[in-house]
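Only one structure is covered here, and it is reproduced in the block below.
Every number here is computed from the coordinates shown, using simple stated rules; none is lab data. These numbers come from a predicted model, not from an experiment. With ideal geometry, Cβ positions are generated from the backbone for all residues, glycine too; neighbour counts draw on all protein chains shown.
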Amino acid sequence: MTWYLRREWVDQEDGIENVMLHYTWSPPGGWPDWERNHNARMLVDAGGSPRRRWKVIRMPRGVYDEQGGLSLEYRLHFFFEVWQDGRNWHTDLESQDIVYRDMEYVDNEGWVTHLCAYWSVYDWQAPVYSPMEDPRFPSDSEFTSERYYAYQDKGRFSWGKSQMLGQLPLPHYWRSRIWAPRGAPVLQQFHIGHLYPPEETFETWLGPDGPSGPGGNHWVLHL
Amino acid sequence: MRMVDDVIEGPTFSLSKDWVDPSPGIDLVEVHYVWGPLGEPPDWERDQTAVATPPGAGPLPRRVATLELPRFVDGATDYLLHHFFFVAGGGGQTSTPVITEQVAAREVRYDDPESRYTNVGVAWTVGESRDPNYSLAALDGLPFSGHDDRAGAETFTPIFEFVQAVAPPHVFRGRVWGVRGQPVTHVFHLVRLGSPAGDDGERWDDNGGKGWRLTI
């Protein structure tokens, strides 16, 4: 599963016709290598006064360093290319450390059958559902959380998941991982489901003040 | 530097998928998608996801998910995109049947009989999306003048003298991507850079604001 980051630009002067976002990644502490990896995306013109422009970009779960080792943390490097009054100019290069946090939800009663971390960086405009799993749950099972979505018979899946979870000693430790620029606010809820047996089906989005809807009461984390 | 396998190495483009809630009470709509070479079935172990959210401040039931897709798969512009919607709320959860579409590129051409421009870009959107994409057009006879190849740099280089050395008429060719059978709207970004006469400039050729529409 990937995650998403929204980049925004606000026109500070008249005459701006187009803004491009240029970006790349490097291992922690590294510098951009534009020859090897260079993404350029045209921003969406959202209008308004001052005019706002934005793009949501897909972000990796990590990068490999020069030795081939996977680094779950990395740096995002970006700048804006601005077309204004018939000429183009670039903003200074900015770099942000991308860091992660392992999330955990402890289910003492074994009531939960489906669970996701629902989160988004800065605001709710680039949200992500990250399926959670107890690390003791067998990864080769047809009932892993990530396989739920493509599984056509949801009833059978929920039954199977419930049966297998019932074999795990309590409490159940549901875990997943989230990423964000260091220090940026991350809005977060848990999307909790109790989907077996069918007559007890219940789901909610849980925040610090209890159940709500998606984007309702939520935690604000800083990684 | 290599990326983990969920990151596209090379240029990408945005493709929107629309969803309209069929009934009240839906809390979550998410697109699951995966791509692969022509003729190969989807591998859902590698799927990507995008949450469908209301566009702008508009009310439900319309939601839009933006997919970020590669322009090349195994070096080819044509490949298969498979997707389905996962829907939750209203007392249940379900996944729609999988839809398989062919992604493909089309060449677009800009003629510059006066040899005025040094660089030409193509801005384009797929279907009714407002999320624009951009690619560089290459001048016939000067292939390095623009590229939408796997490097993906998409930046203008100062090549005024090289462009002037190309015999007229100047023809720029770029590519746009979309879904086979569906429309793409494009405009041209016309740039003159590095002129010793100091008459650099840029403008957009957008067919009176309508853009040009073609079918992939």
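Summary of computed values
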item: Phi to ³J(HN,Hα) by Karplus 6.51 cos²θ - 1.76 cosθ + 1.60 over the range B:72-78, Hz, x for Gly, Pro; result: 9, 10, 6, x, 9, 7, 9
item: Qualifying lysines (Cα of each under 26 Å from Cα of B:Lys17; at least 8 residues distant if same chain); result: A:Lys55, A:Lys154, B:Lys210
item: All-pairs alpha carbon distance profile, the range B:159-216, 5 Å steps from 0, percent; result: 4, 14, 18, 21, 16, 12, 9, 5, 1, 0
item: Neighbour-count ranking [beta-carbon atoms within 10 angstrom, fewest first] of A:Ser130, B:Ser135, B:Ser95; result: B:Ser95, A:Ser130, B:Ser135
item: Rh by Kirkwood over Cα pairs, then Stokes-Einstein D for chain B at 1.306 mPa s and 10 °C, µm²/s; result: 83 µm²/s
item: Listed residue (B:Leu15, B:Val87, B:Gly25) projecting farthest to the positive dipole end of chain B, Cβ model; result: B:Gly25
item: A:Val10-A:Glu109 FRET efficiency (beta carbon distance; Förster radius 45 Å; 0.05 resolution); result: 0.40
item: Whole-number percent relative contact order across the range B:9-58, with pairs defined as alpha carbons under 8 Å at least 6 apart; result: 34 percent
item: Pairwise FRET efficiency - B:Asp78 versus B:Phe162, Cβ, R0 = 30 Å, nearest 0.05; result: 0.45
item: The range A:100-222 - convex hull of alpha carbons, volume per residue in Å³; result: 110 Å³
item: Fluctuation leader among A:Gly166, A:Gly183, A:Gly15 - chain A, Gaussian network, Cα springs under 10 angstrom; result: A:Gly15
item: Cα centroid of the range A:155-223 to Cα centroid of the range A:53-76, whole Å; result: 26 Å
item: 10 Å Cβ neighbours from other chains, averaged over peptide A:143-150; result: 4
item: Relative counts (whole %) of C-alpha pair distances in the range B:12-103, using bins that are 5 Å wide; result: 3, 13, 23, 23, 16, 11, 7, 3, 1
item: The range B:105-215: projected area of the alpha-carbon convex hull, averaged over directions, in nm²; result: 7.1 nm²
item: Max mean-square fluctuation residue, GNM over chain A, Cα-Cα springs under 10 Å, options A:Arg51, A:Arg147, A:Arg87; result: A:Arg87
item: Residue order, fewest to most surrounding Cβ atoms within 10 angstrom, among A:Phe190, A:Phe202; result: A:Phe202, A:Phe190
item: For the protein assembly as shown, size of Cβ-based charge dipole, Lys and Arg +1, Asp and Glu -1, in debye; result: 440 debye
item: Cα-based shape type of chain A, given that a ≥ b ≥ c are square roots of the gyration tensor eigenvalues and the cut on a/c is 1.5; result: prolate
item: Of A:Ala46, A:Ala180, A:Ala117, the one that fluctuates the most in a GNM where chain A has Cα springs shorter than 10 Å; result: A:Ala46
item: Three-way shape call for the range A:1-115 based on the alpha-carbon gyration tensor, with the a/c threshold at 1.5; result: oblate
item: Length-normalised contact order of chain A in % [C-alpha pairs under 8 Å, at least 6 apart]; result: 19 percent
item: Sequence-separation-based contact order of chain B, relative, with Cα cut under 8 Å and 6+ spacing, percent; result: 20 percent
item: Folded to 0 to 90 degrees: helix A:154-166 orientation relative to chain A principal axis, Cα; result: 70 degrees
item: Residue order, fewest to most beta carbons within 10 Å, for A:Asp11, B:Asp47; result: A:Asp11, B:Asp47
item: Cα gyration tensor, the protein assembly as shown - rounded (a/c under 1.5), prolate or oblate; result: prolate
